[in-house]
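The values are calculated or read from the model by the stated rules, or taken from the named source; none is laboratory data. What you see is a predicted model; the values in this text were computed from it and never measured. No Cβ is skipped: glycine too gets one built from the backbone with ideal geometry, and neighbour counts run over all protein chains shown. What goes into the accessible areas is simple: the full protein's heavy atoms, side chains included, and nothing from ligands, DNA or RNA. Shrake-Rupley method; radii C 1.70, N 1.55, O 1.52, S 1.80 Å.
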Amino acid sequence: EYKGCKYQICPDNTLALYSFDDGELDYVEIPETVNDMKVTGIKMFAFNESNVRSVKLPETINYIEPFAFYKCRNLSDINLPENLKSIGGSGFCECTGLVDINIYCPNLKFSSFSFYQCSAENVIFNTKNVPDYFTSFFTEYKSIVLGNNVKEIGCTLLNKDIEIPESVKIITWGEMPSGVTIVPKHIEILGAYKEAIGSKYFSVSMGGDAVIPLIENKSMTEMYDGTIGCYLNTEAYNYAIAHNAKFQLLDDTIYGDAN
């Protein structure tokens with residue numbers, strides 16, 4: 001025990017915050033070390049339904065387990081250390097007090113459900129990968145910004161509300177909605193297989209039956225009769241031709257017979 005928190009000693013002689021017991025504290029600063037052992041993680045349900053408003057995490061934290069901040073509805077201020085590598089599913093489930101979320105963690109992996117039913121208005125991502133359907137769980141967002149560190153996104157992020165930077169080269173496979181989905185010129189891979197993960201709620205830092213996305217070369221537009229908005233001779237155009245998918249050319253030039 002240390003300053004209202006209990007820690008678990010891990011086999012590698014690091015510590016993980018196991019529970020937060022002082023319900024009267026509004027602000028908690030987690031130390032980098034306790035008894036000369038590094039604090040590297042936040043365990044499942046560590047802050048379960050706590051009234052804490054502000055949490056300062058040290059740079060030594062590299063994982064946050066599922067449900068770690070479950071229903072912390074007063075939580076309005078928390079930093080995500082640059083060295084953070086994983087946030088489990090529902091890690092910040094129903095943290096409705098969060099207004100701004102700034103994720104600058106180059107090697108972070110997180111679940112589509114990591115911020116399930118949050119009400120953050122402004123979200124900035126600077127991670128290599130942003131998963132599919134992630135934004136649909138922000139109930140009231142005003143702006144979602146992808147930074148120049150983002151290389152791969154799920155196809156549901158291809159919508160009019162989100163600007164896709166030129167750093168993004170890969171769109172992972174998913175079900176495109178009905179209507180026209182515009183694919184930028186700079187995309188080099190469309191329909192990439194996703195990484196095998198555990199179950200959707202516990203992905204990243206917990207196990208569960210693995211989900212391996214073998215899709216037998218199906219088209220991304222097959223399920224919902226979607227249309228790919230693309231430019232001539234780009235990856236999206238070639239994908240549409242290869243999969244016999246409906247597409248709409250976005251170029252200003254009219255192609256065809258000069259007559």
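On the basis of being open to solvent by less than 10 Å² (accessible area, probe 1.4 Å) and under 22 Å from Lys38 (Cβ atoms), does Ile64 make the cut?
yes
If we scan the range 73-86, do we find a residue that is at positive phi, of a type outside the set (Ser, Thr, Tyr), in contact with a Cys (Cβ under 7 Å, 6 or more places away or on another chain) and surrounded by fewer than 23 Cβ atoms within 10 Å (Cβ to Cβ)?
So far as the range 73-86 goes, no, none of its residues is at positive phi, of a type outside the set (Ser, Thr, Tyr), in contact with a Cys (Cβ under 7 Å, 6 or more places away or on another chain) and surrounded by fewer than 23 Cβ atoms within 10 Å (Cβ to Cβ).
For a quick check of your reading: which strands (runs of 3 or more DSSP E) sit entirely within the range 12-60 and have at least 1 residues that are of a type in the set (S, T, N, Q) and under 21 Å from Cys105 (Cα atoms)?
37-42, 54-56
Within the set of pairs 6 or more residues apart or between chains, which connect a residue that is farther than 9 Å from Cys5 by Cβ inside the range 15-34 to a residue that is among the small types (Gly, Ala, Ser) and in a strand (DSSP E or B) with Cβ atoms less than 9 Å apart?
As it stands, the answer is Leu15/Gly41; Ala16/Gly41; Asp26/Ser54; Tyr27/Ser54; Glu29/Ser54, since those pairs meet every condition given.
Please determine whether any residue of the range 66-76 is closer than 23 Å to Asn149 by Cβ and either within 19 Å of the chain's Cα centre (by Cα) or of a type in the set (Lys, Arg) (or both).
no
For the range 38-54, what are the residues that are modelled with pLDDT of 95 or more and β-branched (Val, Ile, Thr)?
Val39, Thr40, Ile42
Restricting attention to the range 177-203, and to residues there that are open to solvent by less than 60 Å² (accessible area, probe 1.4 Å) and assigned to a loop (DSSP other than H, G, I, E, B), which single residue is modelled with the lowest pLDDT?
Ser203
Among the numbered conditions (1) among the polar types (S, T, N, Q); (2) closer than 21 Å to Glu82 by Cβ; (3) under 26 Å from the mean Cα position of the chain (by Cα), tell me where Thr33 comes up short.
In the conditions (1) among the polar types (S, T, N, Q); (2) closer than 21 Å to Glu82 by Cβ; (3) under 26 Å from the mean Cα position of the chain (by Cα), Thr33 misses (3) alone.
Is there any pair with a first residue in the range 234-259 that is loosely packed, with under 10 Cβ neighbours inside 10 Å and part of a loop (DSSP other than H, G, I, E, B) and a second that is at pLDDT 85 or above and hydrophobic (A, V, I, L, M, F, W, C) whose Cβ atoms are under 9 Å apart and which are 6 or more apart or on different chains, and what are they?
Going by the 9 Å Cβ cut-off, the qualifying pairs are Thr253/Leu232; Tyr255/Leu232; Tyr255/Leu249.
Take the range 42-69 and flag every residue that is among the hydroxyl-bearing types (Ser, Thr, Tyr) and within 10 Å of Ala16 (Cα to Cα).
Scanning the range 42-69 gives a single hit, Tyr63.
Just to verify a result, which residue in the range 17-52, among those that are open to solvent by 40 Å² or more (accessible area, probe 1.4 Å) and among the hydroxyl-bearing types (Ser, Thr, Tyr), is nearest to Ala68 (Cα to Cα)?
Tyr18
Taking the range 139-162 only, how many residues are at pLDDT 90 or above, more than 17 Å from Ala236 (Cα to Cα) and open to solvent by 50 Å² or more (accessible area, probe 1.4 Å)?
The number of residues fulfilling the criteria is 2.
Against the definition (surrounded by fewer than 21 Cβ atoms within 10 Å (Cβ to Cβ) and without any contact (Cβ under 8 Å) to a residue 12 or more places away in the chain), how does Pro11 come out, yes or no?
So Pro11 passes the test.
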